[in-house]
Amino acid sequence: MVRVGWVGRIAFFAAIVAYIALPMTAVVLYSLSTRWTSNLLPDGYTLRHWREGLTETRLQQAVLRTTWMAAATLVLDVAIVVPAVYWQRVRNPRIRILTELSAAIPFVLPFVVIAFGILRLAGRYTPELLGTPWIILLGHAAIAFPFLYWAIDGAMAAAGISRLNEAAQTCGATPVQILRHVVFPNIGAGLATGGMLVFATSFGEFALVQILVGARFENVSLYSLNLLTETSSQYEKLAVLTVVVFVILFAISVAVVALNRGQAGRFLPGVRAAEGGRSE
Amino acid sequence: MSGGVRLEGISKRFGAVRALDDVSLEVAPGELVALLGPSGCGKTTLLRSVAGLEQPDSGRILVGGKDVTGAPTRKRPIGMVFQSYALFPNMTLRGNVGFPLKVRGQAVDRIADRVEELLDLVHLTDQADRFPHQVSGGQQQRAALARALAPAPEVLLLDEPLSALDAMVRTRLRDEIRRIQQVVKITALYVTHDQAEAMAMADRVAVMNRGRMEQVAPPLELYDEPTTRFSAGFVGNRNALELPVTDGHVGFGGALRVAAPNGGSGRAVAFFRPEDVRFSANGHGHPAIVEGKMFQGSVTRLHLVVEAAGETARLYADLPSREAAPLPVGAEVRVFVDAANVRVFPVDG
């Protein structure tokens, strides 16, 4: 067996860190540069692009719009997916084939196809939604729900929700009480992981917004594209926006990881930690 | 004292499998009845039907005189203890015990008083603020018992509550569950596949086989007077010898001769317990060879080989260990069985 020494391990770790950190560092440097064309490092440094970017209403509006859309998508998906998976697990396992097929659609169909499908469907049945952010919300909820579905399904399996549901029923709890007091608190890890993916999917989504609503709902992705294609391309401002988006998503990820630290293990069935528990 | 349970003609199918076949049972108020049988006999399905976790295809379930057959689980006056404890991992033991009262909207101070009372009853006051994963399996099961008792149900349902525990804890908790059931005077249905557990705990034991009730009787009666071939074979670790019926009797050599059952075919099965095999010192009885010995403390179980009705048969015989000690493996002994201790059933009975 080949043994990797500590030097090798440090080198491997450093390579990974460099691979992840280098592009982001370059973007940060670019957002702070006066000019960066021919040297390894920028010719000079300035906070001008940050000042201009952060005070620009259009950028603020784009970030705000994107954030509330991602949050609304998350809320909608949680409201639909958690009761649906709960129902599937405890009442009607036969619908699993349908839910799993639905969860596969966003992965097998290009978003462009999905967007045109939504347009045709809305045009026929709910034309009043066309051109509004609501249609984006429905589209985002549809394409992001598989991430939440798999995470919640796994979390419910790990927590033994079917068993806990029966126990709660024998305690006299109603389905709503079971969801509130038993299901939600015991799928925290899955909810956080899946929720983060839903939020990030909506936050960075471009095709649906472009096709369904276009410039009337300029989110971060669309704004980035516009910065690139406008006659006076503003790459430094684009770098500022990229860093802002990265910081937002990174902060959410860190918060989720911190909140879930040590939580996942205790929901696994059969776990009996030794700490402090005296033997019978 | 809580109300009784009455099951009338309960049947349940899972596809082609008949899980329960016209099962009836009456449990008196305050009585503990053990549902005993092998895996797949329908005992858990019957318990889950009482809980409302399974819906029977036909029959009626009455708890405390009220028909609850179609009632949802949450509206039945039951408390249930599961094999896997099924404590809520997000709540402390105190939270778990208080949960049935909380969902019923009871006042906070009333919940607190009742939870303290129950934690004291199951000796868990010191562990009350620990989470389930921080206590042992036995403690978790005692918390589950307290939770089941919290809303003062009419009937307590226990689904193999001890089978996930190790032997020592199992014996201790078995006694404790019985003590608590008698202190609370609650009607209880207790599912187990362990006959020792059933015999030790229950006022009556209901033996089930293939979805049907074989026999319902107090432990001693079941042990001494099994009324069906299945009960005789399942309870008491009996020897079972299939023998030809000759002149209205079954037997072999000088060891055994018992009247054959009415309606039997040409063969019958004789059941007798290992402790009822006697050893003869005066040359009477039937020759047997000691094939093996298993020390079990005060008694030693001997594995004997005999020639019965022209065929080789194997028997178990329990002897006090001091008497069994001088008998080496391979020794020839002579054995007989008192006819009063033998139960004979038709082969197809």
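The values are calculated or read from the model by the stated rules, or taken from the named source; none is laboratory data. Computed from a predicted model, the values in this text were never measured in an experiment. Cβ placement follows ideal geometry from the backbone for every residue including glycine, while neighbour counts extend to all protein chains displayed. Remember, those area values only see protein heavy atoms, side chains included, never the ligands or the DNA or RNA. Shrake-Rupley method; radii C 1.70, N 1.55, O 1.52, S 1.80 Å.
Which ranges mark the strands (runs of 3 or more DSSP E) fully within the range B:211-262 that have 1 or more residues being at pLDDT 85 or above, over 15 Å from B:VAL344 (Cα atoms) and in contact with a helix residue (DSSP H, G or I) (Cβ under 7 Å, 6 or more places away or on another chain)?
Numbers: elements: B:212-217, B:239-244, B:249-252, B:256-259.
Per the criteria, B:212-217.
Check off (1) without any contact (Cβ under 8 Å) to a residue 60 or more places away in the chain; (2) surrounded by 12 or more Cβ atoms within 10 Å (Cβ to Cβ) for A:THR73 and give me the number that stays unchecked.
Here A:THR73 clears every test but (1).
Considering only residues of the range B:307-322 that are loosely packed, with under 12 Cβ neighbours inside 10 Å and at pLDDT 90 or above, which is farthest from B:VAL235 (Cα to Cα)?
Among those that are loosely packed, with under 12 Cβ neighbours inside 10 Å and at pLDDT 90 or above, it is B:ARG322.
Take the conditions within 14 Å of chain B (Cβ to nearest Cβ) and open to solvent by 50 Å² or more (accessible area, probe 1.4 Å) and apply them to A:ARG124. Does it pass? Break it down into steps so the answer makes sense when it comes.
Working: within 14 Å of chain B (Cβ to nearest Cβ): no; open to solvent by 50 Å² or more (accessible area, probe 1.4 Å): yes.
Criteria not met by A:ARG124.
Taking the range B:112-128, which residues are surrounded by fewer than 20 Cβ atoms within 10 Å (Cβ to Cβ) and outside any loop (DSSP other than H, G, I, E, B)?
Result: B:ALA112, B:ASP113, B:GLU116, B:GLU117, B:ASP120, B:LEU121, B:THR125, B:ASP126.
Answer yes if at least one residue in the range B:55-72 is among the charged types (D, E, K, R) and crowded, with 19+ Cβ neighbours inside 10 Å, and no otherwise.
Step one: of the range B:55-72, the residues among the charged types (D, E, K, R) are B:57, B:60, B:66-67.
Still in the list and also crowded, with 19+ Cβ neighbours inside 10 Å: none.
Within the range B:55-72, none of the residues are among the charged types (D, E, K, R) and crowded, with 19+ Cβ neighbours inside 10 Å.
Test each condition in (1) touching a Phe, Trp or Tyr at 6+ places or on another chain (Cβ under 9 Å); (2) at the interface with chain A (Cβ under 10 Å from one of its Cβ atoms); (3) under 24 Å from B:ALA34 (Cα atoms) for B:ALA143 and report the one that comes out false.
Against the list (1) touching a Phe, Trp or Tyr at 6+ places or on another chain (Cβ under 9 Å); (2) at the interface with chain A (Cβ under 10 Å from one of its Cβ atoms); (3) under 24 Å from B:ALA34 (Cα atoms), B:ALA143 comes up short only on (2).
Please count how many residues of the range B:96-111 are part of a helix (DSSP H, G or I) and either more than 9 Å from chain A (Cβ to nearest Cβ) or surrounded by 21 or more Cβ atoms within 10 Å (Cβ to Cβ) (or both).
Qualifying residue count for the region: 10.
List pairs: first residue in the range A:3-31 and free of Cβ contacts under 8 Å to residues at least 60 places away in the same chain, second residue open to solvent by less than 90 Å² (accessible area, probe 1.4 Å) anywhere in the structure, Cβ distance under 6 angstrom, at least six positions apart or on different chains.
That search, which allows pairs on different chains as well, returns A:LEU29/A:PRO42.
Table: residues versus (1) in contact with a strand residue (DSSP E or B) (Cβ under 7 Å, 6 or more places away or on another chain); (2) more than 26 Å from B:PHE230 (Cα to Cα).
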{"position": "B:GLY248", "(1), (2)": "yes, no"}
{"position": "B:ALA281", "(1), (2)": "no, yes"}
{"position": "B:GLY292", "(1), (2)": "yes, yes"}
{"position": "B:GLY297", "(1), (2)": "no, yes"}
{"position": "B:ALA313", "(1), (2)": "yes, no"}
{"position": "B:GLU323", "(1), (2)": "no, yes"}
{"position": "B:ARG334", "(1), (2)": "yes, yes"}
{"position": "B:VAL337", "(1), (2)": "yes, no"}
{"position": "B:VAL344", "(1), (2)": "yes, no"}
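If you take the residues of the range B:148-178 that are part of a loop (DSSP other than H, G, I, E, B) and away from chain A (no Cβ under 12 Å), which of them is surrounded by the fewest Cβ atoms within 10 Å (Cβ to Cβ)?
First pass over the range B:148-178, keeping only residues part of a loop (DSSP other than H, G, I, E, B): B:150-154, B:160-166.
Keeping just the survivors that are away from chain A (no Cβ under 12 Å) gives B:154, B:160-161, B:163.
Numbers: B:GLU154: 21, B:GLU160: 20, B:PRO161: 27, B:SER163: 14.
So, considering only residues that are part of a loop (DSSP other than H, G, I, E, B) and away from chain A (no Cβ under 12 Å), the one surrounded by the fewest Cβ atoms within 10 Å (Cβ to Cβ) is B:SER163.
Could you look through the range B:297-306, keep only residues that are out of contact with any Phe, Trp or Tyr (no Cβ under 9 Å at 6 or more places or on another chain) and in contact (Cβ under 8 Å) with a residue 24 or more places away in the chain, and pick out the one that is least open to solvent (accessible area, probe 1.4 Å)?
My answer is B:THR300.
Can you confirm whether the range A:253-265 contains a residue that is within 14 Å of another protein chain (Cβ to nearest Cβ), at pLDDT below 65, touching a helix residue (DSSP H, G or I) at 6+ places or on another chain (Cβ under 7 Å) and more than 30 Å from A:TRP36 (Cα to Cα)?
yes
Filter the range A:67-122 down to residues that are of a type in the set (D, E, K, R) and not in a helix (DSSP H, G or I), then give me how many there are.
Of all residues in the range A:67-122, those of a type in the set (D, E, K, R) come to A:77, A:89, A:91, A:94, A:96, A:100, A:120.
Narrowing the set further to residues that are not in a helix (DSSP H, G or I) leaves A:91.
Number satisfying all stated conditions: 1.
Out of everything in the range B:77-90 that is modelled with pLDDT of 95 or more and more than 8 Å from chain A (Cβ to nearest Cβ), what residue ends up being least open to solvent (accessible area, probe 1.4 Å)?
So the residue we want is B:VAL81.
What are the pairs, 6+ residues apart or on separate chains, where a residue within the range B:233-256 that is under 22 Å from B:PHE279 (Cα atoms) has its Cβ under 8 Å from a residue that is modelled with pLDDT of 80 or more and acidic (Asp, Glu)?
Pairs found: B:PHE252/B:GLU307; B:GLY253/B:GLU307.
With respect to B:ALA196, is the statement that it is of a type in the set (A, V, I, L, M), more than 14 Å from chain A (Cβ to nearest Cβ) and free of Cβ contacts under 8 Å to residues at least 12 places away in the same chain true?
Working: of a type in the set (A, V, I, L, M): yes; more than 14 Å from chain A (Cβ to nearest Cβ): yes; free of Cβ contacts under 8 Å to residues at least 12 places away in the same chain: yes.
The answer is yes for B:ALA196.
(1) more than 14 Å from chain A (Cβ to nearest Cβ); (2) in a loop (DSSP other than H, G, I, E, B); (3) free of Cβ contacts under 8 Å to residues at least 60 places away in the same chain: which one isn't true of B:ILE61, the others all being true?
(2)
Looking only at the range A:12-20, decide whether some residue is closer than 22 Å to A:GLU236 by Cα, open to solvent by 40 Å² or more (accessible area, probe 1.4 Å) and of a type outside the set (Phe, Trp, Tyr).
Yes - at least one qualifying residue is present in the range A:12-20.
May I ask you to list the residues in the range B:323-334 that are among the charged types (D, E, K, R) and surrounded by 11 or more Cβ atoms within 10 Å (Cβ to Cβ)?
First pass over the range B:323-334, keeping only residues among the charged types (D, E, K, R): B:323, B:332, B:334.
Correct list: B:GLU323, B:ARG334.
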